[in-house]
1. Which three semi-axes in whole Å describe the equivalent ellipsoid of the range 59-197, each the square root of 5 times a Cα gyration tensor eigenvalue, listed largest first?
2. If I model a spin label at Q321 and V201 as a point 7 Å from the Cα along the Cα→Cβ vector, what separation in nanometres do I get?
3. If I model a spin label as a point 7 Å beyond the Cα along the Cα-Cβ vector, how far apart are those points for N285 and K232 in nm?
4. Given labels modelled 7 Å from the Cα in the Cβ direction, how far is it in nm from K194 to D111?
5. How far, in nm, would the chain grow between R61 and K27 when pulled straight, counting 0.36 nm per residue and subtracting the alpha carbon separation?
6. Only counting other Cβ atoms within 10 Å, I'd like V116, V357, V104 sorted with the fewest neighbours first.
7. What label, among (1) 37.5, 110; (2) 40.8, 124; (3) 20.8, 62, belongs to Rg and Dmax of the Cα atoms in Å computed from the structure on display?
8. In a shell of Cβ-Cβ distance under 11 Å around K97, excluding K97 itself, what net charge do Lys and Arg (+1) and Asp and Glu (-1) give?
Amino acid sequence: MIKRLLPILLIIFTAAFAAAATYSVDKVPNVHLADSTRFVSNPDGILSPEAEAQANALLRRLMRETSAEVACVVVDDIDGEPDDFATDLFRRWGIGKKDNNNGVLVLIAKDRRRAVIRTGTGVEGLLPDGLCGSIIRANMIPNFRREDYDSGTLGALADIAGILSTPEARAEVMSKYANNAGSDDDFDGDAAFKAYLILCVFLTVAGLTLVVYKIIKTAGMPRQQKYVEFHKIQLMLLIDSFVGLGMPLIAYLIVYFICKRLRRGKHLCATCGKPMKLIDEERDNDFLTREQDIEERVGSVDYDVWRCPADGTTEIIPYVQLDSAFAECPVCHARTFHVVSDRITRQPSTTHTGTRVVTRQCVSCGFE
């Protein structure tokens with residue numbers, strides 16, 4: 001029974017495959033409508049991805065330089081006679097600009113072992129039927145016999161582009177209407193996205209490497225210094241996370257939780273070794289000096305006050321805000337020294353220098 005059914009099944013599958021690979025004019029995918037940078041319709045994968053990309057780049061460049069529109073269709077089989085099919089497809093797609101009809105269609109039907117070059121009236125003088133036949137015989141027939149569809153197709157398209165790219169031909173086929181093939185003939189969306197993904201991975205690896213380096217570097221440092229070192233890279237890693245599609249977010253989160261643990265984690269009393277309690281921001285001012293209180297109010301230093309419930313030991317830890325506009329005062333040494341005015345009192349000229357007066361004042365001690 002299996003031996004009897006096998007030939008029948010093979011015939012059914014072969015017929016189904018043949019039917020699936022046969023195209024009517026309406027069924028041929030018009031890739032240029034979906035993506036104006038593509039000119040090669042290769043639905044059956046007869047051309048390799050590399051050859052298809054080269055052909056698209058060549059035809060983009062040709063359109064950009066001459067405005068001539070060349071479409072290439074490579075399929076297994078077609079529904080109808082190749083010459084009539086090419087004419088119908090050329091008209092259906094409206095290949096070429098409407099002012100000078102400068103379109104060209106290259107149709108390849110693999111199973112029919114046929115290739116047709118159809119031209120618009122604007123390029124018939126440059127690509128007459130005899131010359132189109134020569135291009136097919138020189139490039140397609142010998143390569144197609146060796147099953148080398150890449151070389152045959154690229155060779156024919158290169159000959160067509162070479163003919164249409166001469167100064168005389170360019171002047172004849174150039175249209176007054178704008179192209180829609182994109183401004184960069186070398187742009188490859190897939191390649192650009194892959195390059196972007198590689199950049200995202202690089203940012204992630206670089207961020208994690210930096211975190212590991214900081215962990216090693218800060219080993220043995222006091223808690224406060226460790227916090228400062230990790231806090232410095234938090235913003236950079238957050239920006240990287242936005243740029244890198246969120247991939248570097250893992251490095252940012254590691255640093256975030258390290259900083260949180262260093263600043264708010266368990267803190268032991270240096271005297272008795274028991275856990276200390278962090279005083280809240282509203283009540284910690286009771287333990288600060290006047291200068292420290294001012295530093296907190298102007299935002300130059302943030303103080304954490306830890307107090308031991310067991311023996312009353314108090315520890316005050318300063319966290320300098322590096323982005324603050326306040327510097328250390330040369331008199332009282334509080335970080336409350338800032339610029340109050342900056343003006344030019346004498347403009348510079350070609351004969352003398354100018355004069356600039358910068359006034360700095362300390363909020364804490366009043367030194368100016």
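Taken together, the values in this text are just the output of simple stated rules run on the coordinates, not laboratory data. Here the structure is a predicted model, which is why all the values come from computation and not from measurement. Glycine also receives a Cβ, built like all others from the backbone with ideal geometry; neighbour counts cover every protein chain displayed.
1. In descending order the semi-axes read 24, 21, 15 Å.
2. 4.2 nm
3. Between N285 and K232, the label points sit 3.2 nm apart.
4. 3.2 nm
5. Result: 9.5 nm gained on full extension.
6. On the way: V116 23, V357 10, V104 29.
Ascending Cβ contact count within 10 Å gives the list V357, V116, V104.
7. Read-out taken from this structure: (1).
8. Computed value for this residue: 0.
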